[in-house]
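Here's the structure, in structure tokens; my notes come after.
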Amino acid sequence: MTVDTRVADVTERIAARSRASRAAYLDRVRAAAAEGPARAGLGCANLAHGFAACSAADKHALGATAKPNIAIVSAYNDMLSAHQPLETYPALLKRAVAEAGGVAQFAGGVPAMCDGITQGRAGMELSLFSRDVIAMATAVALSHDMFDGALMLGVCDKIVPGLLIGSLTFGHLPVAFVPAGPMPSGLPNNDKARVRQAFAEGRTGRAELLQAESAAYHAPGTCTFYGTANSNQMLMEVMGLHLPGASFVPPGTPLREALTAEAGRRVTGLTALGADHTPIGELVDERTITNAVVALLATGGSTNHTLHLVAVAAAAGIELTWDDFADLSGAVPLLTRMYPNGSADVNAFHAAGGMAYLIGQLLDGGLLHEDVATVAGPGLARYRQRPRLDGTDLTWGDEPKESGDTTVLRAATDPFSPDGGLRMVSGNLGRGVVKVSAVAPERHVIEAPARVFDDQAALQAAFDAGELDGDLVAVVRFQGPRANGMPELHKLTPPLGVLQDRGHRVALVTDGRMSGASGKVPAAIHLSPEAAAGGPLARVRDGDPIRLDAAAGTLEVLVPDLMDRAPAAPTVDSSTGTGRELFAAFRGVVGPAERGAAVFGAAR
């Protein structure tokens, strides 16, 4: 299968740039794999501690290294709807692994916080750092030299990238990711957004807003808009770390249970003691990373992954840059419309053909590398098929030949847009990311005077006081990883949306993040270098004319003396409260946004 020249060129550029670091990583992976089951080298006391709670038969098997031992690492908690279904997975997976001739142990839990709950709260300043905490917790879970493979149970925002980064540090082990699936569709996303905006304008009250939000987020399962959580699921599938078709099957269904059990059986066969040894460090290569970026662009996925994929790639010895995203965006058509890029949700996408149709279209268009390893076996072509139950037997087939709803999912020959809708912008304010797929074309270029704020609460207060009336570029600074952990600023969308709907030319420029659900208002985000690191954003003043041109890829403050000015100091203290004091060390060592905003050396 011929790969599009532009995709092939970017892949080769990534490989060339990463040659030394990737080779060093693979040397470590292969050296660890050559040692065989690590528990064979454990002392008797060590091993006895490791299987003390197992059955007599499992103790014998593990002591003799006759059976593969599979680690289960889970982000389960029952506060988060997306993770609540994971409660029953360990017992199911243990049975499935046993059926496949192995043993499974629950190796550890990792934290799982929700950006939807912490939006606008101090806890949001822990969110991005939680990704690296999760990576470290995953490493702790796998550090006992007891395991031959692993199953990763997690869904949302920072959790899946953290699990993946942690897994790649144990790259000699095969790893499968096990999803939970989306909740049923509730209040349509556009209706929810209208209530939010009405509340921002004071036209409706808190009771009405809570009723709308509760109707949108109403059951176990992942939130159904196409934010970071569902972008995670899409990426795990196109990277070959889910079983084919597993991403968006609803929780609590026979098919979901069958897919979960099959993940356990499958990873058992991928160990060095099985028939199809496939370590995750070999599976995730330059082609897999390129495939992930392509699929993110083709679906209008979360801007958070311009951070996460860079950090994930670094964990595998691969150097991915924002320029790679930009170049691929010009080659990849937009094939889906899911909220915030449209009115439909992931359930509508799944019903229209979902991942099988999407992957098939991208393969046929030469936009994905087919010749990659996956947990389902060699080659991405098997991901063109959908799972189904034949009685109680799980099978795959019925490749969708056309979209069931072209308002949600389209063919590569009839895209919603000829490009992926992600732009990199640069200029005298630094480099940033703009997601234009949800922004009307007439708003891709905005020039207006700056209104400068040091946090989102200050902007909200100015809006509430009626001080924001007219065209403006809202500059919200000291929101980068070094300043306060780089929180999402999704609470800014309703007030800025109100101003835009009143006919004003409005944009946002920030060194913080927007959520995976960002859209509508043009926003240059993840600005690097950040204000707290001496970036030029710290020198912007109220009234400075700023021009954001997403079409040309430029972001400029139109003043001649910008760098002659003394940088402003932050006016908000984000160092204590809600656990933030525990993350001072992270703020001190974190790398820039364009390097993944990571605290680990390879991505800094």
For this session: Quick one: order Asp191, Asp573 by neighbouring beta-carbon count within 10 Å, fewest to most.
Result: Asp573, Asp191
Exercise. Roughly how many whole Å is it from the C-alpha centroid of the stretch 258-320 to that of the stretch 491-523?
Worked result: 32
For this session: Place a label point 7 angstrom from the Cα of Val589 along the Cα-to-Cβ direction, then list the residues of the stretch 158-195 whose backbone nitrogen is under 17 Å away.
Result: 166, 169
For this session: Kindly write out, for the stretch 253-259 in residue order, the coupling ³J(HN,Hα) from the Karplus curve 6.51 cos²θ - 1.76 cosθ + 1.60 (θ = phi - 60°), rounded to whole Hz, with x marking Gly and Pro.
Result: 10, x, 5, 4, 5, 5, 5
Seminar exercise, completed: In terms of the charge dipole of the chain, which places +1 on Lys and Arg and -1 on Asp and Glu at the beta carbon, the residue among Gly519, Ala272, Tyr339 farthest towards the positive end is Ala272
Seminar exercise, completed: Taking GluC sites (Glu not before Pro) in a DSSP loop with at most 15 other Cβ atoms within 10 angstrom as exposed, one finds the longest site-free stretch of the chain at 202-401
Seminar exercise, completed: Other residues with Cβ under 14 Å from the Cβ of Val559 give, with Lys and Arg +1 and Asp and Glu -1, a net charge of -2
For this session: For the stretch 494-509, take each phi angle, set θ = phi - 60°, evaluate the Karplus expression 6.51 cos²θ - 1.76 cosθ + 1.60, and give the result in whole Hz per residue in order, putting x for glycine and proline.
Result: x, x, 5, x, 4, 4, 5, 5, 7, x, 7, 7, 9, 8, 10, 10
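Given only helices, namely DSSP H runs of n ≥ 4 each adding -39500 (n - 2.57), what is the per-residue ellipticity at 222 nm of the chain, to the nearest 500 deg cm²/dmol? Intermediate results must be reported in sequence, preceding the final value.
Working: 22 runs with 218 residues, N = 604.
Using -39500 (n - 2.57) per qualifying helix, the result is -10500 deg cm²/dmol.
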Exercise. Among all the aspartates and glutamates, which ones have a C-alpha under 17 Å from Lys94's C-alpha, if same-chain residues fewer than 8 places away are not counted?
Worked result: Asp58, Asp148, Glu257, Glu262
Seminar exercise, completed: Cα-Cα longer than 31 Å, checked against Lys67/Lys158; Lys158/Lys435; Lys158/Lys401; Lys192/Lys401, kept in input order, equals Lys67/Lys158; Lys158/Lys401; Lys192/Lys401
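Treating only the Cβ atoms of Lys and Arg (+1) and Asp and Glu (-1) as charged, compute the dipole magnitude of the chain about its Cα centre; round to the nearest 20 debye. Can you show the working numbers first?
Details: 51 positive and 63 negative charges, 135 e Å.
I would put it at about 640 debye.
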For this session: Provide the net charge surrounding Arg539, with neighbours chosen by a C-beta distance below 12 Å and charges set as Lys +1, Arg +1, Asp -1, Glu -1.
Result: 0
Problem set entry | Relative contact order (percent, whole number), the chain, Cα cutoff 8 Å, 6+ residue spacing | 15
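In the stretch 193-280, what trypsin sites (Lys or Arg not before Pro) fall in a loop by DSSP, with at most 16 other Cβ atoms inside 10 Å?
Arg203
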Seminar exercise, completed: Pseudo-spin-label distance Ala465 to Thr571, built 7 Å along Cα→Cβ, given in nm, is 0.9
For this session: State whether the stretch 422-573 is rounded, prolate or oblate according to the following rule on the C-alpha gyration tensor (a ≥ b ≥ c being the square roots of its eigenvalues): a/c under 1.5 gives rounded; otherwise a/b larger than b/c gives prolate, and the remaining case gives oblate.
Result: rounded
Exercise. Shape of the chain from its Cα gyration tensor (a ≥ b ≥ c, root eigenvalues): rounded if a/c is under 1.5, otherwise prolate when a/b > b/c, or oblate?
Worked result: prolate
Seminar exercise, completed: One finds the C-alpha centres of the stretch 409-486 and the stretch 90-106 to be spaced, in Å, by 47
For this session: Choose one of Ala348, Val110, Pro250: the residue whose Cα lies farthest towards the positive end of the charge dipole of the chain (beta-carbon charges +1 Lys, Arg; -1 Asp, Glu; about the Cα centre).
Result: Val110
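Going by a ≥ b ≥ c, the root eigenvalues of the Cα gyration tensor, does the stretch 328-367 fall in the rounded group (a/c under 1.5), the prolate group (a/b larger than b/c) or the oblate group?
Oblate.
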For this session: Return Cys44, Cys156 ranked ascending by Cβ neighbour count within 10 Å, so the fewest neighbours appear first.
Result: Cys44, Cys156
Problem set entry | Farthest positive-ward along the chain dipole, Cα basis, beta-carbon charges - from Ala462, Leu151, Pro179 | Leu151
Exercise. Local charge sum around Leu334 (other residues, Cβ-Cβ under 10 Å, Lys/Arg +1, Asp/Glu -1)?
Worked result: +1
Problem set entry | Fewest-first sequence of Trp322, Trp396 by Cβ atoms within 10 Å of each Cβ | Trp396, Trp322
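Taken together, the values in this text are just the output of simple stated rules run on the coordinates, not laboratory data. Fair warning: this is a prediction, and the values are worked out from it, not measured in the lab. Here Cβ is always computed from backbone atoms with ideal geometry, including for glycine, and neighbour counts include all displayed protein chains.
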